[in-house]
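The values are calculated or read from the model by the stated rules, or taken from the named source; none is laboratory data. None of the values given here were measured: they were computed from a predicted structure. All Cβ positions, glycine included, derive from the backbone under ideal geometry; neighbour counts span all protein chains shown. Surface areas here come from the heavy atoms of the whole protein model, side chains and all, with no ligands, DNA or RNA. Shrake-Rupley method; radii C 1.70, N 1.55, O 1.52, S 1.80 Å.
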Amino acid sequence: LARGDEEIFTLWPGDDSERRTRAERMLAQCAQEADAFIGDEPEPFVEAQFEFHAELARASQNPVLVIVIDALASVIRQVLSGRVAMLAMVQGAFSRNVDAYAALVQAIKDREPEMARAALQECYALWRREASKISMLYVAE
């Protein structure tokens, strides 16, 4: 993460074991909600996804980013809800989603900012690929 011209990567103040524990807890929550997700009740998974991203914003220690996330929380949750509904249509999408986020958490735990950026970009690319699979289903019909 960058602040001004200085490259920093101080996610979650505290020692390494505290940071690892927090990152692992976030991923475990997303994985648990993905495992428990039933098509009619996406809210817990949506909330876990939102909290994961909100926690990353808070960890960046960028007050503007935190304000934006907080101000747009309901909109972000609606977008995530739509994306979760989309994931439910594609076989294996939830496990691929959790795997992509696991790479992000691992990069955070390893204090690898470039790997974290790449992993986060992969998370977003995964959403786009899964959406394109649904588009292809409708074209094929």
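Observations
- Of the residues making up segment 107-128, those that are part of a helix (DSSP H, G or I), farther than 27 Å from GLY82 by Cα and open to solvent by 80 Å² or more (accessible area, probe 1.4 Å) number 2.
- The sole residue among VAL90, VAL84 that is open to solvent by less than 80 Å² (accessible area, probe 1.4 Å), closer than 21 Å to ARG128 by Cα and assigned to a loop (DSSP other than H, G, I, E, B) is VAL90.
- Meets criteria (free of Cβ contacts under 8 Å to residues at least 40 places away in the same chain, in contact with an Asp or Glu (Cβ under 9 Å, 6 or more places away or on another chain), among the aliphatic types (A, V, I, L, M) and open to solvent by 40 Å² or more (accessible area, probe 1.4 Å)) for ALA103: yes
- Criterion: open to solvent by 80 Å² or more (accessible area, probe 1.4 Å) and at pLDDT 70 or above - qualifying residue of ASP35, ASP5, ASP70: ASP70
- Filter result (modelled with pLDDT of 85 or more and among the small types (Gly, Ala, Ser)) within segment 108-131: ALA116, ALA118, ALA119, ALA125
- Residue-level analysis places GLU122 among those that are touching a helix residue (DSSP H, G or I) at 6+ places or on another chain (Cβ under 6 Å) and of a type in the set (D, E, K, R).
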